[in-house]
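K.L.:
Pasting in a structure now, in structure tokens, and then I'll have a few things to ask.
The values are calculated or read from the model by the stated rules, or taken from the named source; none is laboratory data. Everything quoted here is computed from the prediction, not taken from an experiment. Reconstructed Cβ throughout: ideal geometry from the backbone, glycine too, with neighbour counts over all protein chains shown. Side chains included, ligands, DNA and RNA excluded: accessible areas come from the protein's heavy atoms. Shrake-Rupley method; radii C 1.70, N 1.55, O 1.52, S 1.80 Å.
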Amino acid sequence: MGMSAVGRSKLMNKTKVLFVCLGNICRSPAADAIFNQLVSEKNLQHIFEIDSAGTSAHHEGEQADARMREAGLRRSLSIPSISRQLVVQDLEHYDYIIVMDDSNYQNVLKLDTANKYSGKVLKMTDYASDEFKHFDAVPDPYFGGEEGFEKVLDLLENTNLGLLESLVRTD
Ligand code: 4NP
């Protein structure tokens, strides 16, 4: 924090980014995969540590939802994550904890009983460009149709570009 990812890497200190949703089977696995893809395209893998987690343990050990993985593959995005629950140690370890909606935000802060980490918790939609500025959350696609998964990927592609730009800015 306070230093760009490029600046940190010069100190051999990776910038650690954790994407968080409720189940860790739809939104945060997709965000994780998209951010990884963007970072790889820019050959910046060496400066980032990237993962995702869910505030619920309900889907622990599961692959991402088949509908999410299929929507990813339709645009050549592989989504390989296995669901795990967020633990308080993640709040210490990661530099940026990127949540998908306000409910995720509240659930993360509930883990932070000493109120030490709230400054690290940011919303994915804070990084949207003008085209996607009307979103104040990445909507949960779990109970909806196919189009919800496509919309989530469109929104996550846009917001992850904004996030990466904000982290590698060298000014
Ligand atoms: P996610 O979606 O938080 O984007 O992984 C959900 C997955 C499962 C459930 C809710 C949301 N669920 O209620 O089981």
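K.L.:
Could you run through segment 125-146 and say how many residues are within 16 Å of the ligand (Cβ to nearest atom), surrounded by 18 or more Cβ atoms within 10 Å (Cβ to Cβ) and of a type in the set (A, V, I, L, M)?
P.N.:
The qualifying residues number 1.
K.L.:
Continuing with this model, one more query. When you check Lys151 against the structure, is it part of a helix (DSSP H, G or I), more than 26 Å from Ser76 (Cα to Cα) and among the basic types (Lys, Arg), yes or no?
P.N.:
No: the conditions fail for Lys151.
K.L.:
Would you mention how many residues in segment 30-52 are within 14 Å of the ligand (Cβ to nearest atom) and in contact with an Asp or Glu (Cβ under 8 Å, 6 or more places away or on another chain)?
P.N.:
So the answer is 3.
K.L.:
Could you list, in sequence order, all residues of segment 108-131 that are of a type in the set (Phe, Trp, Tyr) and part of a helix (DSSP H, G or I)?
P.N.:
Once the filter is applied, which keeps residues that are of a type in the set (Phe, Trp, Tyr) and part of a helix (DSSP H, G or I), segment 108-131 yields only Tyr127.
K.L.:
Still on this structure, I have one more. So is Phe149 surrounded by 13 or more Cβ atoms within 10 Å (Cβ to Cβ) and either modelled with pLDDT under 95 or not acidic (Asp, Glu) (or both) or not?
P.N.:
Yes; evaluated as a whole, the condition is true for this residue.
K.L.:
Just one of (1) in contact with a strand residue (DSSP E or B) (Cβ under 9 Å, 6 or more places away or on another chain); (2) more than 13 Å from the ligand (Cβ to nearest atom) trips up Met100, so point out which.
P.N.:
Every condition holds for Met100 apart from (2).
K.L.:
Within segment 152-171, restricting attention to residues that are charged (D, E, K, R) and modelled with pLDDT under 95, which residue is most open to solvent (accessible area, probe 1.4 Å)?
P.N.:
Residue satisfying both the conditions and the ranking: Asp171.
So that you can scan it fast, the table gives a plain yes or no per residue for (1) more than 21 Å from Leu167 (Cα to Cα); (2) in contact with a Pro (Cβ under 9 Å, 6 or more places away or on another chain):
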| residue | (1), (2) |
| --- | --- |
| Arg27 | no, yes |
| Ser40 | no, no |
| Ile50 | no, no |
| Ser56 | yes, no |
| Ser78 | yes, no |
| Leu91 | no, no |
| Val99 | no, no |
| Thr113 | yes, no |
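K.L.:
Restricting attention to segment 53-81, which residues are over 15 Å from the mean Cα position of the chain (by Cα), more than 13 Å from Glu146 (Cβ to Cβ) and within 13 Å of the ligand (Cβ to nearest atom)?
P.N.:
Of everything in segment 53-81, those that are over 15 Å from the mean Cα position of the chain (by Cα), more than 13 Å from Glu146 (Cβ to Cβ) and within 13 Å of the ligand (Cβ to nearest atom) turn out to be Ser56, Ala57, His58, His59, Glu60, Glu62, Gln63.
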